[in-house]
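The block underneath contains the structure these notes are about, expressed in structure tokens.
None of the figures in this text is laboratory data; all of them are computed from the coordinates on show. Just so it is clear, the model here is predicted, and its values are computed rather than measured. We place every Cβ from the backbone using ideal geometry, glycine too, and count neighbours over all the protein chains shown.
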């Protein structure tokens, strides 16, 4: 998986590698060449996706003092995919040779949780916590958070996953991207109050980001209610974690 931090009009995207699903990529920053074709998905700045790549000749870049590893999309039409829990599980199984050419599993069926379920969100998240959303504010349009729809000031009270201490943190709500929107998806609109949060750390700075514009925040009536749900969820997450 990768997240572009610079996308050029000539078909080059400089990306931060966030996870390697198959084969080793000996760098945290790579360049991906692509062509804009009708019906295809294209790299977009700040949008994480699964990249299906093949090697390409490296080239010089004025921003870097050394050569950047360069790749091409395996297909200009199908070289990208949204990083849902189901797709990540299938790609990892395929990388391990557990999918046949027909697309059928070579091992016993694994029931992958829905991406928007509590288990699915817990598998995707680096941090799972329960707390209180104290403030919901609009991001500064001139800042790096301009691709977010809101910034949450959250008092973290209980941590269920990740190395995080209780206290106040700031969590971005990603802005909705039409190309990754399903017919039944509605962007999150978090409100002040108790909530369970599923999120990752921002690439820079000390802030965090919800899983997507549509997943990562579950409001609750009481702390006890949320704690019970999350405790059950994390038991399932540990059982399924080796597959997701």
Stokes-Einstein D in µm²/s, Kirkwood radius over Cα pairs - region 2-81 at 37 °C with 0.692 mPa s viscosity: 260
For region 118-243, fraction of C-alpha pairs farther apart than 26 Å, in %: 17
Estimated FRET transfer efficiency when R0 is 35 angstrom, pair residue 192-residue 235 (beta carbons, to 0.05): 0.75
Extended-chain gain in nm, criterion 0.36 nm per residue less alpha-carbon gap, residue 228 and residue 132: 33.0 nm
